[in-house]
Amino acid sequence: MGASRPQAPLALGAPIAPKAPVFLQRCVPILLVLALIAAACTAERPTLAGDTSVPVASSTAPVDPVGVDGDRAEGAGNGFAQTTVAPADTAPPETLAGRAPQSTIEPAALPAADLPPVNQDGTVKALRTPTGVVVQVLQKLDDGYLVQTPCAIEATVSSGEELFGAHVVLDAGHGGVEPGAVGPAGTKESHVNLAIAERTQALLEEAGVVVISTRTADYRISIQARTGIANAVNPQAFVSIHHNAEPDGPFNGPGAETYYQIADDESKRLAALIYEEAVQAFSAYDIAWAGDTDAGVKFRPGSSGGDYYGILRRSNGVPATLTELAFLSNPPEEELLASQAFQQVEAEALAKAILRYLTTDDPGSGFVEPYPRTAPAGSGGGVSNCEDPAFE
Ligand SMILES: [Zn+2]
């Protein structure tokens with residue numbers, strides 16, 4: 001992307017070098033040997049291409065008829081042939097099925113940005129409970145708080161860290177028994193979304209941005225609870241992080257997609273800046289990308305004319321975007337998404353875009369005219385059989 005970037009480039013700390021010829025020459029033979037050993041030692045590693053037996057979201061998860069969750073279709077393989085090309089920084093063992101991304105946050109150096117004030121009126125909007133779960137506060141009580149739980153029921157919590165506002169609310173899609181998309185090698189979208197959200201939060205906080213995350217561990221959380229937190233906190237930006245499945249086919253470059261709220265120009269700018277930064281960062285990787293023919297910055301109307309996706313529709317009034325920056329169902333992209341190095345690259349792209357959104361009037365780029373979509377969103381996000389995590 002050739003967009004102007006008025007502020008100095010961010011000096012981000014992770015030593016990531018997608019194109020490193022010397023490193024390639026010296027280390028690729030060693031990595032290949034390690035990969036062969038790993039493959040030989042891992043009897044249950046699924047085949048990468050053409051695997052159609054990947055489970056979809058838990059059978060106990062209700063299918064939401066109004067498309068409250070993010071993805072069009074999740075969990076299925078894509079069905080077209082791919083050649084896996086692992087970039088030099090992607091160690092093959094990291095792609096093993098079921099491996100949860102580590103939460104190690106690498107230190108980063110971000111300049112303190114000249115940020116707008118946080119929206120707040122002095123009343124507590126959310127609570128970080130002693131177990132780290134973030135809940136919307138419905139009412140402060142004499143001896144605690146009445147809250148809306150992740151399963152969208154009312155409960156009382158006696159203590160926690162009071163949260164009054166934030167510049168940004170980050171939303172890691174899916175969680176718990178709702179993994180979202182599952183890659184051919186078994187990588188769960190819920191894990192990738194959370195790892196990237198955590199890294200994005202750490203990077204933004206380094207720059208002085210106040211961030212609240214809707215989901216802070218691997219538990220289920222309804223769309224109502226996610227948007228309840230966002231609406232209560234009323235941030236400048238609400239970013240729901242997802243990863244995609246079912247591309248139209250091979251794509252010439254990153255097939256990133258961001259959805260914006262139809263009636264909100266700031267949502268549109270937020271989505272376009274994230275798209276711009278993501279494509280610029282991802283283009284360093286020479287892999288067999290996948291995409292939809294209308295990849296880019298777009299919207300999806302519901303049958304009544306508003307936003308189709310519940311995360312965008314229910315947060316109307318708060319500038320929000322739903323990001324689907326890579327295809328977990330595409331083996332080379334799954335390999336990237338399972339690596340901590342690439343998780344950091346995506347987090348840096350998100351953080352840089354959000355900082356630009358907060359501190360400039362840059363319009364972003366990548367707008368496309370979406371083709372009409374009829375396939376329903378993936379299941380999940382509802383409250384049937386939902387079990388809340390422990391709060392204290
Ligand atoms: Zn998703």
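Cα gyration tensor of segment 114-181, axes a ≥ b ≥ c as square roots of the eigenvalues: rounded (a/c below 1.5), prolate (a/b > b/c) or oblate? Note, shape of segment 114-181 comes out oblate. Computed over the alpha-carbon atoms, segment 132-259 gives an Rg to Rh ratio of 1.02, Rh here being the Kirkwood radius from the mean inverse distance.
A viscosity of 1.002 mPa s and a temperature of 20 °C, combined with the Kirkwood radius over C-alpha pairs in the Stokes-Einstein formula, give segment 287-392 a diffusion coefficient of 126 µm²/s.
As an equivalent ellipsoid, segment 223-377 spans semi-axes of 24, 18, 14 angstrom, where each value is the square root of five times an eigenvalue of the C-alpha gyration tensor, largest first. Here the convex hull built on the C-alpha positions of segment 255-329 has a volume of 91 cubic angstrom per residue. In a reduced charge model with +1 at each Lys and Arg Cβ and -1 at each Asp and Glu Cβ, segment 245-360 shows a dipole moment near 500 debye about its Cα centre. Taking a virtual spin label 7 Å from the Cα of Ala284 along the C-beta vector, which residues in segment 227-268 bring their backbone nitrogen under 16 Å of it? From segment 227-268, the list is 254.
The tail of the calculated P(r) for segment 197-269 beyond 20 Å holds 47 percent of all Cα-Cα pairs.
Each of Val210, Ala347, Val239 was placed along the dipole of segment 207-357 (beta-carbon charges, centred on the mean Cα), and the one lying farthest toward the positive end is Val210.
All of the numbers you see were taken from the coordinates with simple rules; none came from a lab. Everything quoted here is computed from the prediction, not taken from an experiment. Please note: Cβ atoms are built from the backbone with ideal geometry, for glycine as well, and neighbour counts cover all protein chains shown.
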